[in-house]
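J.: My structure is below; once you've seen it, I'll send some questions.
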Amino acid sequence: MTSALDDTLLALADPMRRRIFEVLFAGETPAAGIAAAIGIGQDVLAGHLVVLETAGLVARRWNAGKELVKADPAPLEIAAEWIDTNRELWAMQSQMQESSRDGTPEQR
């Protein structure tokens with residue numbers, strides 16, 4: 001079983017899926033418009049949309065025979081929180097290592 005963080009990071013690990021997500025910044029878009037904007041076929045797009053939808057990054061609906069897709073940025077908060085926390089931990093670790101080096105004579 002994967003976590004929401006894993007699903008989000010795995011979905012956005014693919015450059016094509018990141019591009020799809022970026023296209024959706026403009027708002028709800030027909031699937032055909034997304035495919036045209038990034039130059040892929042509808043069948044290829046469908047596979048990417050499944051991964052993005054599983055991660056909760058997009059929602060799809062049908063209206064008047066057209067598939068419409070919209071972004072949901074909520075899962076990005078989980079990823080951003082994880083990244084920020086780890087960035088802070090690495091910065092603290094780096095500061096501690098520098099402090100210990102500054103206070104200890106250099107070994108040769």
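What follows is calculated from the coordinates using simple rules that are stated; it is not laboratory data. For clarity, every value in this text was computed on a predicted model and none was experimentally measured. Virtual Cβ from ideal backbone geometry, glycine too; neighbours counted across all protein chains shown.
J.: Which of these, Pro75, Pro30, Pro15, has the largest mean-square fluctuation under a Gaussian network model of the chain (Cα springs below 10 Å)?
T.: Comparing Pro75, Pro30, Pro15 in a Gaussian network model of the chain, the most mobile one is Pro15.
J.: Based on the Cβ-Cβ distance of Asp84 and Met16, what FRET efficiency does E = 1/(1 + (r/R0)^6) give at R0 = 22 Å, to the nearest 0.05?
T.: 0.25
J.: Ok, one more. Mind listing which GluC sites (Glu not before Pro) in the stretch 42-101 are in a DSSP loop and have 13 or fewer other Cβ atoms within 10 Å?
T.: Passing both the DSSP loop test and the Cβ count: no residue.
J.: What are the semi-axes of the equivalent ellipsoid of the chain, taken as the square roots of 5 times the eigenvalues of the Cα gyration tensor, listed largest first and rounded to whole Å?
T.: Over the Cα atoms of the chain, the semi-axes work out to 42, 13, 11 Å.
J.: Once amide H atoms are placed 1.01 Å from N in the peptide plane, what residues at a sequence separation of 5 or more from Asp72, or on another chain, have their amide H within under 5 Å of its amide H?
T.: Those qualifying (amide H under 5 Å, at least 5 residues apart or on another chain) are Val58, Ala59.
J.: Sticking with this structure for a sec: Between the helical axis of 42-54 and the dominant principal axis of the chain, each derived from Cα atoms, what acute angle in degrees is found, rounded to the nearest 10?
T.: 50 degrees
J.: What is the sum of charges around Asn63, taking Lys and Arg as +1, Asp and Glu as -1, for the other residues whose C-beta is under 15 Å from the C-beta of Asn63?
T.: Summing Lys and Arg as +1 and Asp and Glu as -1 gives +2.
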